[in-house]
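The structure appears below as structure tokens.
The values are calculated or read from the model by the stated rules, or taken from the named source; none is laboratory data. Quick caveat: nothing in here was measured; it's all calculated off a predicted structure. We place every Cβ from the backbone using ideal geometry, glycine too, and count neighbours over all the protein chains shown. What goes into the accessible areas is simple: the full protein's heavy atoms, side chains included, and nothing from ligands, DNA or RNA. Shrake-Rupley method; radii C 1.70, N 1.55, O 1.52, S 1.80 Å.
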Amino acid sequence: MQRFFRICSLTTLFLSFLLFQNPVGVLSTAEGSHLLSPITMLGIFDHYCDGRWFSGGLQQQEIELPCPGSETDDRGFVRPLGPNFTLETDQPAERSIQTHPRWVTDGYIYGAYNLHNLGIDLQPGDRFVSEVGFLKGAGAGEVRFSLWYDTKPGQAGGEAMLVERDDTHDGKLRDINVDLSGYSGGTGTLILRVDAKGSSAQDWAVWINPRIERQVTPTSAVTQTLPPTLTPSPTITLTREPTFTPPPEAVQGPSIQISMLPQDPKLTDRVKIHVEALDPLGVAFIKIYVNGDPVRTCQGTQTCEYTTPPLGEGLEVGAVAGNWQGGVGVMGLVPEAIAPRIGEPWWWEDEDEDGVINIADNCVSNPNPDQLDSDMDGVGDVCDTCDATRACESFWPDEVLSPEYCCQACFISDSEPFGFQDGTLYTQLWYDLVSRSGCGCMDTDHGLIPFEQGSVYEESVISRFYMGMPSGPHPVPDRCQALSRCEFSMEDQCANATQLREFYCDSNGVGSTLIDCPEGCVDGVCVCPDTDGGSDYYTPGTVAGQSDVCLDERRL
């Protein structure tokens with residue numbers, strides 16, 4: 001068999017993994033627990049294209065594959081799968097990666113992840129964990145899954161196989177759980193490989209939630225390190241103590257850690273916020289707040305992430321996390337308005353009797369025990385008017401393609417249901433807010449900005465039909481794809497000579513208000529007497545005889 005480990009350093013990566021390397025701008029709380037808990041150091045599903053993927057076969061030249069790939073590519077392909085795909089066990093393919101070998105006899109495919117370039121330095125006790133199997137319907141599938149580690153990326157002689165699993169489409173998944181301690185302290189490349197055993201027909205091989213886990217002990221005290229403030233830059237405020245204290249009779253809540261990238265953001269930067277909660281009773285939910293507003297809710301997971309729009313003001317971050325026994329932990333800036341609600345029994349009741357308490361339920365009034373949220377916008381599918389999976393209800397799961405999400409000019413062509421290659425969800429890439437109905441809303445002036453004319457766009461979902469190829473060596477059935485698009489709704493306009501009708505996004509979709517314009521209203525904006533047009537931090541301006549000035553090296 002030809003040598004296939006030609007591994008090189010990755011050229012471009014979004015190093016979100018540095019969040020776990022003691023970054024500046026980290027808050028952590030704990031309640032005295034010293035239990036070891038696993039955290040995910042590297043979730044390969046979230047970064048499947050941060051590795052390099054290759055395919056080959058007997059007497060076949062090895063080639064590098066595009067990522068993500070296409071299901072019709074006879075060279076083989078890698079692509080992410082969402083809950084609209086079904087595993088051989090009849091479970092939804094949550095956080096799964098399909099890796100199809102090259103369509104030749106004894107074809108293969110493998111992906112290589114240079115851990116050092118990804119910001120991961122292995123430590124004793126680190127483990128690779130995954131399940132492997134097939135998509136439903138792959139009756140002829142028969143492959144060998146294997147995991148390798150290369151201590152000499154780009155050179156010969158460093159490859160070692162850690163584990164292999166032979167598998168057929170038998171309605172069962174197989175576990176892979178490998179101790180990586182032997183490679184701690186060094187640098188190397190982790191390699192996921194699939195080999196066809198003979199024909200590659202229906203080798204729809206799947207890695208389910210592949211990841212590197214690390215056992216950690218929650219910290220016993222609050223720690224805080226704040227990034228330096230640059231000029232000009234927003235003020236980053238992460239409050240040491242919660243803005244309120246949960247009722248004393250409440251069950252002890254999860255410990256919380258908040259991290260940010262970049263660590264010292266400037267105005268116009270997008271900031272990736274990562275929240276991790278640890279609790280031996282299990283984490284029921286995490287809510288992230290930005291400047292006092294709720295921006296993201298995650299259910300039944302220890303981690304939650306949110307990427308902000310370009311910053312136009314200071315940044316204050318907070319988080320609330322709860323366990324399944326009613327315990328609540330709070331960190332950072334959380335609005336006072338929700339303080340009394342945490343003590344209300346309603347939070348811990350189950351209004352729709354679906355087995356999920358109200359505070360963790362992504363659809364409080366409609367039963368959905370599975371809590372499916374296909375587009376990950378925080379609104380459950382059964383409540384989501386803009387749920388892309390419903391556009392293809394008449395098709396079998398295996399005949400539904402991954403939804404395509406785009407906005408206006410659709411400037412990203414290869415989008416996936418769970419986000420994009422930099423880890424940013426589509427709802428965070430374009431939309432300022434997701435309404436209660438689950439539809440995204442974007443305001444081009446991002447709120448009540450009377451000196452800039454804005455337009456409001458709302459999300460809508462349609463379906464696209466593809467004729468299949470019923471014959472040939474690799475037949476493809478008729479298929480359906482959902483398309484999520486932005487559609488123009490309203491534009492700011494002058495109600496009269498001195499008032500502006502300003503449109504904006506709210507929890508019900510689109511709201512509006514009248515704003516008085518002392519200098520008059522023209523062409524959908526209030527006349528601005530400020531020479532830099534308002535709150536422009538990077539252009540000197542003058543208004544009413546007063547000019548913008550630096551008060552010191554840090555304040556404008």
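Could you look through region 191-211, keep only residues that are open to solvent by less than 10 Å² (accessible area, probe 1.4 Å) and outside any strand (DSSP E or B), and pick out the one that is nearest to Gly82 (Cα to Cα)? Ranking the qualifying residues of region 191-211, first place goes to Asp203. Scan region 40-54 for residues that are open to solvent by 10 Å² or more (accessible area, probe 1.4 Å), within 18 Å of Pro66 (Cβ to Cβ) and in a strand (DSSP E or B) and the total you get is 1.
Among the residues that make up region 385-399, is at least one of them more than 23 Å from Glu71 (Cβ to Cβ) and at pLDDT 80 or above? Within region 385-399 (the criterion being more than 23 Å from Glu71 (Cβ to Cβ) and at pLDDT 80 or above), the answer is yes, since at least one residue qualifies.
Can you give me the number of residues within region 266-293 that are open to solvent by 30 Å² or more (accessible area, probe 1.4 Å) and in contact with a strand residue (DSSP E or B) (Cβ under 6 Å, 6 or more places away or on another chain)?
4
Can you tell me which of Cys480, Cys517, Cys505, Cys494 is closer than 30 Å to Trp103 by Cβ and of a type in the set (A, V, I, L, M, F, W, C)?
None of the other options fit; the residue is Cys480.
Working only within region 98-111, note down all residues that are buried (at least 23 other Cβ atoms within 10 Å of the Cβ) and of a type in the set (A, V, I, L, M). Selection gives Ile109 alone. Quick one: is Gln263 modelled with pLDDT under 85, open to solvent by 20 Å² or more (accessible area, probe 1.4 Å) and either under 20 Å from Cys363 (Cα atoms) or touching a Leu at 6+ places or on another chain (Cβ under 6 Å) (or both)? The answer is no for Gln263. Restricting to region 123-136, name every residue that is of a type outside the set (Val, Ile, Thr), under 13 Å from Leu190 (Cα atoms) and open to solvent by 10 Å² or more (accessible area, probe 1.4 Å). Result: Arg127, single match.
Using the structure shown, decide if Gly322 is in contact (Cβ under 8 Å) with a residue 12 or more places away in the chain, touching a Leu at 6+ places or on another chain (Cβ under 6 Å) and in a strand (DSSP E or B). Taking the combined requirement at face value, the residue does not satisfy it. Within the bounds of region 413-426, is there any residue that is within 30 Å of Arg501 (Cβ to Cβ), aromatic (Phe, Trp, Tyr), open to solvent by 20 Å² or more (accessible area, probe 1.4 Å) and at pLDDT below 85? Within region 413-426 (the criterion being within 30 Å of Arg501 (Cβ to Cβ), aromatic (Phe, Trp, Tyr), open to solvent by 20 Å² or more (accessible area, probe 1.4 Å) and at pLDDT below 85), the answer is no, since none of the residues qualifies. Looking at Gly511, Gly520, Gly524, Gly541, which is the one that is in contact (Cβ under 8 Å) with a residue 40 or more places away in the chain and not acidic (Asp, Glu)? Among Gly511, Gly520, Gly524, Gly541, only Gly524 is in contact (Cβ under 8 Å) with a residue 40 or more places away in the chain and not acidic (Asp, Glu). Any idea which residue in region 74-84 is nearest to Trp103 (Cα to Cα), counting only those that are open to solvent by less than 10 Å² (accessible area, probe 1.4 Å) and assigned to a loop (DSSP other than H, G, I, E, B)? Here the answer is Gly76.
Asp150: acidic (Asp, Glu) and open to solvent by 40 Å² or more (accessible area, probe 1.4 Å), yes or no? Criteria not met by Asp150. Ile120 meets all of the listed conditions (1) touching a strand residue (DSSP E or B) at 6+ places or on another chain (Cβ under 7 Å); (2) surrounded by fewer than 21 Cβ atoms within 10 Å (Cβ to Cβ); (3) assigned to a loop (DSSP other than H, G, I, E, B) but one, namely (2).
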